[in-house]
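This is the structure I have questions about; it appears just below.
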Amino acid sequence: MDGELITAIVATGVSAVATGYAAMQAHIAKGAARSAEAQVALLLRQIEGEEADRFEARGPQFSIEAAHTDESDVNVPRGKLVVKQDSGPPLSSVIVGATGTGVEGMRGAYDPDHRYSDYRREQNIDIGPIAAGGTHDVYVDLDYHTHRTNIQLSLVCRDAVGDTWQRAVAARVEPLPDPPRGRGRGRTVR
């Protein structure tokens with residue numbers, strides 16, 4: 001009997017050790033699984049980030065080709081900015097808004113019944129389609145006393161398939177210098 005008892009005790013001990021070892025292996029496996037899940041999540045975030053970077057890189061790029069204060073309307077000085085699409089896909093729509101000291105809005109649609117000007121003032125305007133190399137004149141209404149200021153344009157660009165990018169460009173506007181004495185703008189005075 002003593003032999004059977006000893007065998008049973010040893011078997012119980014071996015079983016307890018095996019159970020402990022199995023529990024330890026399960027704990028290690030769970031940790032490895034969590035680590036693998038974290039690595040997969042990190043890889044997915046990295047891939048998403050790379051895709052977003054590629055999307056942004058293939059989007060449109062803009063610059064301001066020229067800018068000055070247009071004082072031809074005595075009631076409303078305007079910043080005239082020539083926006084150029086330097087690169088990127090052809091766009092079906094570009095919505096432009098402006099901010100800056102003294103900026104009151106965008107020159108909108110023609111309106112002969114407007115109180116002070118022939119144009120409505122808008123928060124944003126859609127300059128329509130444009131492609132790489134194309135330019136568009138954008139007029140920004142300024143406060144009556146503002147003739148020199150920095151204007152920031154925000155552009156929401158959409159292509160034909162509906163992809164959308166947000167871009168920003170800025171420029172300083174100032175009145176054009178007076179022409180040399182005896183010369184008008186673009187013509188010689190005699």
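Can you spot a residue in the range 83-103 that is hydroxyl-bearing (S, T, Y) and closer than 25 Å to D178 by Cα?
Yes, the range 83-103 contains a residue that is hydroxyl-bearing (S, T, Y) and closer than 25 Å to D178 by Cα.
If you don't mind, there's one more thing I want to ask. May I ask you to list the residues in the range 72-86 that are in a loop (DSSP other than H, G, I, E, B) and either acidic (D, E) or loosely packed, with under 12 Cβ neighbours inside 10 Å (or both)?
S72, D73, V74, N75 - these are the residues of the range 72-86 that are in a loop (DSSP other than H, G, I, E, B) and either acidic (D, E) or loosely packed, with under 12 Cβ neighbours inside 10 Å (or both).
Also: Of the residues A168, A160, which single one is touching a Ser or Thr at 6+ places or on another chain (Cβ under 9 Å), modelled with pLDDT under 95 and under 15 Å from G88 (Cβ atoms)?
A160
Considering each residue of the range 129-147, count those that are exposed (fewer than 14 other Cβ atoms within 10 Å of the Cβ) and at pLDDT below 95, and give that number.
Count: 3.
Among T69, T7, which is the only one that is part of a helix (DSSP H, G or I) and surrounded by 10 or more Cβ atoms within 10 Å (Cβ to Cβ)?
T7
Filter the range 87-113 down to the residues that are surrounded by 14 or more Cβ atoms within 10 Å (Cβ to Cβ) and in a loop (DSSP other than H, G, I, E, B) and list them by number.
If the condition is that a residue be surrounded by 14 or more Cβ atoms within 10 Å (Cβ to Cβ) and in a loop (DSSP other than H, G, I, E, B), then G88, P89, G100, G102 are the ones that fit.
Can you pull out every residue in the range 132-160 that is without any contact (Cβ under 8 Å) to a residue 60 or more places away in the chain and within 18 Å of the chain's Cα centre (by Cα)?
Correct list: Q152, S154.
The values are calculated or read from the model by the stated rules, or taken from the named source; none is laboratory data. Since we're looking at a predicted model, the values are computed, not measured. Quick reminder, even Gly has a Cβ in these numbers, built from the backbone with ideal geometry, and neighbours come from all protein chains shown.
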